[in-house]
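See below for the structure under consideration.
No lab work stands behind these numbers, since they all come straight from the coordinates. Treat the numbers as computed from the prediction; the structure is a model and nothing was measured. Using ideal geometry, Cβ is built from the backbone for each residue, glycine included, and neighbour counts are taken over all protein chains shown.
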Amino acid sequence: MSSRSVIPFGPQHPVLPEPIHLDLVLEDEKVVEAVPSIGFVHRGLESLVTKKDFKEMVYVAERICGICSFGHGFGYCDAVEHIMDIQVTERANYLRTILFELSRMHSHILWLGLMADAFGFENLFMDTWRIREKVLDMLEAATGGRVIFSILDVGGLRKDIPDDMLKGFLPVLKDIEKELAVDIRTFLNDGAVKSRLCGVGVLSAEEVENLGCCGPFLRGSGVKRDSRKLGYAAYDDIDFDIVTSTDCDTYGRTYVRANEILQSIRIIRQAVEKIPAGEVMVPVKGFPNGEHMTRLEQPRGEACYYVKANGTKFLERMRVRTPTFANIPALTQTLQGCELADVPILVVAIDPCISCTER
Amino acid sequence: MEQEFRKVSHHSILSEVETLHEERYRLIQICATTVKEGYEILYTFGKGYDEVQVKIHTDPGEHVQSISRIFPPAWLYENEIHDLHGIEIDGITLDFRGGLYRTKVKAPFSHETLDNKEGK
């Protein structure tokens, strides 16, 4: 019988841009158990609601994470707007949808690069990140920020984005689509890449549901559920497909993320075509009183924003359930029985965002 | 449409959750809120795109039953609630006993910690 040993994975590791720790129990090269621990950079941002004005909290919510910042700001604003019964204008909803999809694009392209880096394909990593710069350029042109946009506010958006600029995004998106097609072909058809992804971290549709998974990790096992179909912002007026894969492994999760970028481009095109004229902000009077739970589809999966208010300018509670947090039980499950060499691939497969988790 | 946050006694949470499990709901999240008289724990369950919110109230020092035997991923949320709010949860299937979150201040959102902070 082989002896067991425990090796630490993280909090510092080449595939981890942020700190998470796993104790890996090994039998030879096989992982028999993985025990996670977090909290290395826990910031307690949620507790700031008792000290910051509910409108100032938009800035804090956006700063939960640099990659999903727009989604966090949106989720927080949406919850407060529901409590205060604020109807956001149609134009603001369309602009929110466009910015959300640009955020999803840059997040998914970033992930493709990180995955290429994890399996040692450096050129693919560099090329995907080169393409991602074009998305960041569009976000910078529209909002003034590349990472934190500070364009959201309770009641709408702080500023409008001119129609000319939105139309100018369309040829850029066409270029991105064309260039990305080459990289996606490599991800999905290259033999060497497939040998690192296919059959690694298999979870059936039933297992991902039982483990509470969300996002591309869920859809990569064939479950057709995407919170954008709840119809928030302008998603109700826009036609898009929920991308799924029945491969149920890391290849399936890659397939879903790659094709979701193309769906995002499809959504932005429709939104630019349909966006109505009008104001982007409605007046906000008084203070919120009540509670609401908003669920929305962040790039990494469904995120939940619970806000409880007491009629003063300070809230009682803001809770963010991030998709990475929801996918941790599934991560520990996929690591059981895997080869040690596959651990980095499997960790990257959930697209871990530790900033979000350590909000 | 206003959301419903259904309040139940913390003694009946297991039977409530079992019913939802039988009706094929999935666990979306669990979170705790520190309120004046203790803590509120909010459980969110989903079926398709629908959701159900169930809330319990617990006093400081009171123990709560884990639902991780019914919904396995609950172990993560329950360890988080224990580590951040200091609420004792009995029967967690994977109990880290305070070791999931490596925070400098133990149970930063507990009444005890918050009272000490105000005392300063």
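For this structure, a couple of remarks:
- Which of B:LEU20, B:PHE96, B:ILE41, positive extreme of dipole for chain B (C-beta unit charges): B:PHE96
- In chain A, the longest principal axis of the Cα atoms and the axis of helix A:90-118 are about 20 degrees apart.
- As a proxy for reagent exposure, B:TYR39, B:TYR49, A:TYR76 were ordered by neighbouring Cβ count within 10 angstrom, fewest first; the result is B:TYR49, B:TYR39, A:TYR76.
- Degrees, to the nearest 10: A:69-83 long Cα axis against longest axis of chain A: 50
- Structure-based [θ]222 nm, the protein assembly as shown - -39500 (n - 2.57) summed over DSSP H runs of at least 4, per residue, nearest 500: -13000 deg cm²/dmol
- Under 5 Å between amide hydrogens, built in the peptide plane, is the criterion, and for A:ASP153 it picks out A:ARG158 among residues at least 5 positions away or on other chains.
- Of every Cα-Cα pair in the stretch B:41-98, the percent that sits beyond 17 Å: 38
- Shape analysis of the stretch A:103-222 places it in the oblate category; the axes a ≥ b ≥ c from the Cα gyration tensor give an a/c of at least 1.5, with a/b not above b/c.
- Across the stretch A:323-340, coupling constants 3J(HN,Hα) worked out from phi with the 6.51/-1.76/1.60 Karplus curve, θ = phi - 60°, read x, 4, 4, 5, 8, 5, x, 5, 4, 5, 5, 5, 6, 5, x, 7, 7, 4 Hz, and Gly and Pro carry x.
- For the stretch A:79-124, convex hull of alpha carbons as volume per residue, Å³: 65
- Counting Cβ atoms of other protein chains within 10 Å of each Cβ in B:24-33 and taking the mean gives 5.
- Whole-number percent relative contact order across the stretch A:43-313, with pairs defined as alpha carbons under 8 Å at least 6 apart: 27
- When its C-alpha radius of gyration is set against 2.2 N^0.38 Å (N residues), the stretch A:159-307 gives a value of 1.26.
- Convex hull (Cα only) mean projected area of the stretch A:313-359, reported in nm² to one decimal: 3.9
- Dividing the mean sequence gap of close Cα pairs (under 8 Å, 6+ apart) by how many residues the stretch A:94-185 holds gives a relative contact order of 24 percent.
- Across chain A, the volume of the C-alpha convex hull divided among the residues equals 124 Å³ per residue.
- Working note: Debye formula, equal point scatterers on the alpha-carbon atoms of the stretch B:5-113, no solvent; log10 I(q)/I(0) at q = 0.21, 0.24 Å⁻¹ is -1.13, -1.41.
- Per-residue shielding of A:207-215, expressed as the average number of other chain Cβ atoms within 10 Å of the residue Cβ, stands at 3.
- Filter on A:LYS51/A:LYS134; A:LYS55/A:LYS229; A:LYS178/A:LYS274; A:LYS167/A:LYS285; A:LYS51/A:LYS308; A:LYS55/A:LYS159 - keep pairs with C-alpha separation over 26 Å: A:LYS51/A:LYS134; A:LYS55/A:LYS229; A:LYS167/A:LYS285
- Debye equation applied to the C-alpha atoms of the stretch A:216-269, log10 I(q)/I(0) at 0.18, 0.24 Å⁻¹: -0.56, -0.88
- For the stretch A:191-202, Karplus couplings with θ = phi - 60° (6.51, -1.76, 1.60), whole Hz, Gly/Pro x: x, 5, 5, 4, 5, 8, 10, 6, x, 9, x, 6
- Amide H within-cut-off set for A:GLY290, under 5 Å, with H built and near neighbours excluded: A:ALA309, A:ASN310, A:GLY311
- Among A:PHE287, A:PHE100, the order by Cβ neighbours within 10 angstrom, fewest to most, reads A:PHE287, A:PHE100.
- Note on A:TRP129, B:TRP75, A:TRP111: ascending count of other Cβ atoms within 10 Å places them as A:TRP129, B:TRP75, A:TRP111, the fewest first.
- Listed residue (A:LEU262, A:MET293, A:ALA277) projecting farthest to the positive dipole end of the stretch A:144-296, Cβ model: A:LEU262
- Helix B:13-22 and the longest principal axis of the C-alpha atoms of chain B enclose an angle of approximately 40°.
- Normalised by the number of residues in the stretch B:5-113, the mean separation of alpha-carbon contacts (under 8 Å, six or more apart) gives a relative contact order of 24 percent.
- Shape annotation for the stretch A:154-235: C-alpha extents along the principal axes are 47, 33, 17 Å, from largest to smallest.
- In this simple spin-label approximation, A:ARG185 and B:HIS63 carry label points 7 Å from Cα along the Cα→Cβ vector, and these lie 6.3 nm apart.
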